[in-house]
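Some notes on the structure that comes next.
What follows draws every value from the coordinates through simple rules; no lab data is involved. As the structure is a prediction and not an experimental result, all values here were calculated from the model. Here the Cβ is made from the backbone with ideal geometry for all residues, glycine too, and neighbour counts use every protein chain on show.
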Amino acid sequence: MTYSLSDFDFVLPEALIAQMPLPQRSASRLLLVDGDNLCDQHFCDVLEQLSAGDLLVFNDTRVLKARFFGVKESGGKVEVLVERVLANTSEQHAVLAQVRASKSPPAGTRIRLADQFDVIVGARVGEFYTLNFPSDVFELIEAHGRLPLPPYITHDADGFDEQRYQTVYSRVPGAVAAPTAGLHFDEALLERCRAKGVNFAYVTLHVGAGTFQPVRTENLADHAMHSEWYTISPETVAAVRATKLDGKNVVAVGTTSMRALESASQSGTLEAGSADTKLFITPGYVFKTVDRLITNFHLPKSTLLMLVSAFAGYDRIRAAYAHAIAGQYRFFSYGDAMFLSNATASVIANTSLSTDNSPEAKE
């Protein structure tokens, strides 16, 4: 069946958009989608769905304080959202950023950010601008930036958000949005997983602002997918291979972990390395590495809703979302979660997985 954009629309009561996280990370609700059966659980019950030898794959990206307010030399106000760090060496400190201003700033424009330091506008790259920072990008962002919450969260980020809009295992700065399925894991739950014999592995995918952009073309083939950078280590590839050979499940914690793993499996084998990915997963996609998926509830008409529909089955996801809305689950980044299985069971054979340590990962 061929799907169009309107097939991924649904009506969500505004009251179900979670504005704040719960006091305890693992206290969220969990909707278990088991074939055509739907089971209401709590997130801490996710352990019941995991067996010794299963592999949880986490995205260890860390959200940057990527939002700045500033002024041009002319006095015009500017809002900047850093999308990606391009270079941070002794010779160059450059980022790619969204710049909102009354007029598009030409190359050479000087912008004062946070009333603390100046950046110089460089080349335009599509909808983004290159901005040249005066010194270490990460230090300036951490010291003077603001945490960028998603557009559907209506309050400004505070100290509580700075703690809770990061996973407890985040360690590689570079994202402008959190890998939100991981927000449900606290140290106690991670320890319970370890005690049960569940194994852990990590990928890094720096989530970009494009993750919040709805698809606007009715024909999905016309959609230009946003690009995100990922890296997968040889150790993670080896852990996935060992899990498959043992007949256990590779469980992606979040669509970002899923996207990294599947992007690095496009040759038919999972390969270590780093690359940009524009992989657009829609129903009909054959999954090559991931067996199970933990994920939050996603926006209407979003690429992430299309991804989970491809993984668990379109009709099952429609039923699950209807169930969640009727049951008043909390939606989006600070909301509740689902546990999904691959409906197509089209994962590649164990023997086709590779521990190729090539520095180039296939897109």
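At a glance:
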item	result
Descending semi-axes in whole angstrom, ellipsoid equivalent of region 32-148, from the Cα gyration tensor	41, 17, 13
Footprinting exposure proxy for Ile111, Ile17, Ile325, Ile317 (fewest neighbouring C-beta atoms within 10 Å first)	Ile325, Ile17, Ile111, Ile317
Rounded FRET efficiency, nearest 0.05, which uses the C-beta distance separating Glu79 from Ala319 and R0 of 45 Å	0.65
Region 14-76 versus region 242-291: alpha-carbon centroid distance in Å	20
Separation in nanometres of the label points that stand 7 Å from Cα toward Cβ, at Glu218 and Val11	2.1
Efficiency of FRET from Cβ geometry, Thr344 and Asp118, R₀ 56 Å, rounded to 0.05	0.60
Kirkwood-type radius of the chain, with distances r between different C-alpha atoms, in Å	21.2
Residue order, fewest to most beta carbons within 10 Å, for Phe10, Phe339	Phe10, Phe339
The chain, relative contact order in percent, only Cα pairs under 8 angstrom and at least six apart counted	23
For Ile17, distant residues with modelled amide H under 5 Å away	Phe331
Over 22 Å between alpha carbons, listed pairs Lys248/Lys278; Lys244/Lys288; Lys196/Lys248	Lys248/Lys278
Stretch gain in nm, segment Asn132-Glu235, where the contour uses 0.36 nm per residue and the Cα spacing is subtracted	33.6 nm
Degrees between helix 303-312 axis and first principal axis of the chain (Cα, 0 to 90, nearest 10)	10
